[in-house]
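The values are calculated or read from the model by the stated rules, or taken from the named source; none is laboratory data. Keep in mind that what you see is a predicted model, and the values were worked out from it rather than measured. Neighbour counts run over all protein chains shown; Cβ positions are idealised from the backbone, glycine included.
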Amino acid sequence: MMARPGSISRRLTLLLTGGIVLLWLLGAAFSVLVMHEEIDEVFDSALEETAQWLLPLATGALEGKATPPGLLGEQDDDDEYLTFQLRGRDGAVLLRSHDAPAEPYTQALDLGFSETNYHRVYTIASGGYFLQVAEPLGHRQEALMESAGALLLPLAGLVPVSILIILWSVRQGLAPMRRLQGAIGARDGGNLNPIEDTGWPEEIGGTVQAVNRLLLRLRAALEAERVFAATSAHELRTPVATALAQTQRLLAELESGLTLEEAQSRGRRIEATLHRLGALVEKLLHLSRAEAGIGLSETENDLLPVLRLVIEELAAQPGAARRLTLAITEGASLRARMDIDAFSIVVRNLIENALAYGDPGKPVEITVQDDRSVIVRNDCAAIPPETLTRLTQRFVRGSRAGEGPDGSGLGLAIADTILRQTGGRLELLSPVPGHDGGFEARIGLSA
């Protein structure tokens, strides 16, 4: 059972809330560290100042010159944060405050700050007396914990509020995505219109444009499929109907005493029709393979031997042997990441096109240049520019220079489709540069 995909709103809410809480905790921890130092400084300053004020009072009280501090009046029940002891040179406690212990704070009478297990002590001396003012360590810890609590306590109430605010904000921010989802969901085979590309946030605008490009390609592909299916059915229907009619006529004439010569002539016409039908079916299969994306290869291939082999096969056809010429520029190479079968389909279609539509008495020139391009050139009347631009479309034919039926109108379309898939290009020129007529097909392989 597949796990249900998580919600983007819930994920963003958790991430943002977790980030805010983490930042709050880090800020609070930093603040506590700063407060700890500040509290120590303030309390140490208070200890030092208190000791400086108490020393003359305590020594004066001991010598009968002043009232002993902290020993007059009733002892209250409140704990005193600061207590003191006045000690002699021998360390004996001579005078102390109400809450001060009877035992000395420290064994040694070291001037300045010191700590015991329970007190922070500041020692000051005058004459033969030492005054020690002490503060319980728990007092400082209590102050620090109360300050930390004041920072962390609001977090307990702010986290739920933050979750609600962030969730609402995220949902409002993702509203355009839900609107885009609805717009895409409304598209189907009967509605491939582009989505309105205005009024979208900047982050979604690019997605809308990409979806529109995809819809345009899909609509073009579906339209091409419809045209291809309709045109293919029409193109196949004609030779099939012709072959069927010729066969039926042949059978009828055989029953009425058709001569051998007439039967052979009729059979040759049927054979020619079936050859044309076979060639058309082969072209349709090539086009199907081209649209399936057979062009690219994972490895680089040397395509020059493939070109030679195709030329040898085509030269074996009647009337083509003396018309095909191959010229290879010195140092030329045809290495490319292109499938061998795909390249053979491309050059075969271009050469067959040149043989079919070129002047039968003139050669078809195939040239391999050092920029990894192949040129197929044939002699014919100049093709009008408006026709030239349409020759790579399906079932668009030129005018034949020789005898015989027209071609299928698929060869250049197949070559152009495969080359575009591999990053190459097909350029068609007519007239040939430097001539009054002729047709030139130039293949440029991708780098």
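Taking the criterion of being in contact with a Leu (Cβ under 9 Å, 6 or more places away or on another chain), surrounded by fewer than 18 Cβ atoms within 10 Å (Cβ to Cβ) and part of a loop (DSSP other than H, G, I, E, B), the only residue of the stretch 424-447 that qualifies is Ser446. Taking Gln141, is it closer than 24 Å to Asp40 by Cα and buried (at least 18 other Cβ atoms within 10 Å of the Cβ)? Spelling it out, it is not the case that Gln141 is closer than 24 Å to Asp40 by Cα and buried (at least 18 other Cβ atoms within 10 Å of the Cβ). Please determine whether any residue of the stretch 107-127 is touching a strand residue (DSSP E or B) at 6+ places or on another chain (Cβ under 9 Å), within 29 Å of Gln141 (Cβ to Cβ), of a type in the set (Asp, Glu) and at pLDDT 80 or above. Checked the stretch 107-127: at least one residue is touching a strand residue (DSSP E or B) at 6+ places or on another chain (Cβ under 9 Å), within 29 Å of Gln141 (Cβ to Cβ), of a type in the set (Asp, Glu) and at pLDDT 80 or above.
Being closer than 15 Å to Arg420 by Cβ and touching a helix residue (DSSP H, G or I) at 6+ places or on another chain (Cβ under 7 Å) is the filter; apply it to the stretch 287-306 and report the residue that is modelled with the highest pLDDT.
Per the stated criteria, the residue is Leu296.
Just one of the listed residues (Gly278, Gly257) is at pLDDT 70 or above, at positive phi and surrounded by fewer than 17 Cβ atoms within 10 Å (Cβ to Cβ), namely Gly257. Taken together, the criteria place Gly128 among residues that are touching a Lys or Arg at 6+ places or on another chain (Cβ under 6 Å) and surrounded by fewer than 17 Cβ atoms within 10 Å (Cβ to Cβ). Of all residues in the stretch 249-268, those that are assigned to a helix (DSSP H, G or I) have Cβ atoms under 9 Å from Cβ atoms of residues that are hydroxyl-bearing (Ser, Thr, Tyr), 6 or more apart or on another chain, in Arg266/Thr247. Contact map, the stretch 367-394: residues that are without any contact (Cβ under 8 Å) to a residue 40 or more places away in the chain paired with residues that are charged (D, E, K, R) and crowded, with 20+ Cβ neighbours inside 10 Å, Cβ distance under 6 Å, separation 6+ or inter-chain. Pairs shown: Thr392/Asp416.
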